Amino acid sequence: MIGAIVRSMRAYQWTKNLVLFAGPIFTLHILDPSVALASLAGFFSFSLAVSAVYIFNDILDVERDRLHPEKRLRPVAAGVLPIPLAFAVAALLLAGGLGASAALGPRFVSTAIAYVALTAAYSLFLKRVVLLDVVAIATGFVLRAVAGVELVRDRTHIGPEGIAISPWLLVCAFFLALFLAMGKRLHELEMLERDAARHRAALGAYTRPLLDQLIAVVTGATVISYSVYTISPETIAKYHGRPLYLTIPFVLYGIFRYLYLLYAEHKGGNPSEHLLRDRATLVNVVLWCGAVLAILLWPVE
């Protein structure tokens, strides 16, 4: 039973919450011990609240998940984790996650509540509306990034005028999340085929040509928005001329690698799991993180 609860929490999905560290890193406060510790605590508290929403979603979608070749193995859908117990665990995780978030600061917990509300809305009805489903997922990624900035403000007591994350970076996070969400929809559409509409109403409204076009648009938008962010005068001035544009090849390779897996190997149904299992992607992400930290934290004379 404990194993079933742990699987239902989907800890591998916590990799999405690493976006929260963008705030401390790109505001150059990650070396502040209090901010670093608070960021780790924020990551886990945010993740617990997110796991609660995953379990609630499994309860709501139990019948639909049983039609899915992979999701039918989830503990709730498989009947391994009884629904009353699953509900109790989810409530406990949600209370613990939001309670821990409140201890980290009012701005951070407000953003966490906003994210939980958005995710609940997605589970209840947004995921059934074509296009709005992927927009909701992308907005959730932006809220994660905003949560990291708000956490820094709570710990440093510096106002919005003193700590801000570039709009271009938020736009990039939005487009990257859209890119991954649409890739996941394409994978689900190919895997479920005629059962796509039965599994989810919005999924049946997508077509392969439509998703191909949308993926092409957001792919270019992601690369361009990140490139513009690294070379914009505001970014160059903020980081005293540090060459952040040198990290563009890592972003480009990561996107190309995902496209390769999606179209050539017909993978990509779960981007979070893909990050942990695909060695090339994992190495690329580690190298990108190392390059960003080295460039931003390198002493300036």
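The values are calculated or read from the model by the stated rules, or taken from the named source; none is laboratory data. These numbers were taken from a predicted model, which means no experiment stands behind them. All Cβ positions, even for glycine, are placed from backbone atoms using ideal geometry, and neighbour counts span all protein chains on display. SASA here: full protein model, heavy atoms, side chains in, ligands and nucleic acids out. Shrake-Rupley method; radii C 1.70, N 1.55, O 1.52, S 1.80 Å.
Starting from the Kirkwood radius over alpha-carbon pairs of the chain, derive D by Stokes-Einstein at 20 °C in a medium of 1.002 mPa s and give it in µm² s⁻¹. Rounded, D is 106 µm²/s. A Förster distance of 30 Å, applied to the separation of the beta-carbon atoms of ILE231 and VAL286, puts the FRET efficiency at 0.80. Per-residue Karplus couplings for region 28-38, computed as 6.51 cos²θ - 1.76 cosθ + 1.60 with θ equal to phi - 60°, are listed in order as 6, 10, 5, 7, 6, x, 5, 5, 4, 5, 5 Hz, Gly and Pro entered as x.
Around LEU104, with a cut-off of 15 angstrom between Cβ atoms, what is the net charge of the other residues, counting Lys and Arg +1 and Asp and Glu -1? After counting each charged neighbour, the total is +1.
In order along region 287-296, the phi-based Karplus estimate (6.51 cos²θ - 1.76 cosθ + 1.60, θ = phi - 60°) of 3J(HN,Hα) comes to 5, 4, 4, x, 5, 4, 5, 5, 6, 6 Hz; Gly and Pro are listed as x. Within region 236-293, the proportion of C-alpha pairs whose separation exceeds 14 Å stands at 59%. Ordered from highest to lowest accessible area with the whole protein assembly present and a 1.4 Å probe, VAL129, VAL223 read as VAL129, VAL223.
Roughly to the nearest percent, how much of the accessible area of region 41-89 is carbon and sulfur, given a 1.4 Å probe? The partial results should precede the final answer.
Details: 1430 of 2070 Å².
The C+S portion of the solvent-accessible surface of region 41-89 is 69 percent.
Ignoring lysines fewer than eight residues from LYS267 along the same chain, the ones with Cα atoms less than 19 angstrom from its Cα are LYS16, LYS71, LYS184.
Under the criterion of Cα pairs below 8 Å and six or more residues apart, the relative contact order for the chain equals 19 percent.
Using the Karplus equation 6.51 cos²θ - 1.76 cosθ + 1.60 (θ = phi - 60°), what ³J(HN,Hα) coupling, rounded to whole Hz, does each residue of region 209-220 give in order, writing x for Gly and Pro? My calculation for region 209-220 gives x, 4, 5, 4, 5, 5, 5, 4, 5, 6, 4, x Hz in order. Only helical runs count toward this figure. For the chain, summing -39,500 (n - 2.57) over DSSP H runs of n ≥ 4 and dividing by all residues gives -23500 deg cm²/dmol at 222 nm.
Highest first, please rank the peptides 271-278, 179-186 by the mean number of other Cβ atoms sitting within 10 Å of their residues. Before the final figure, lay out the partial values.
Details: 271-278: 17.8, 179-186: 23.9.
Top to bottom by mean Cβ count within 10 Å: 179-186, 271-278.
For region 74-139, the Kirkwood hydrodynamic radius comes to 13.6 Å, computed from all pairs of different C-alpha atoms.
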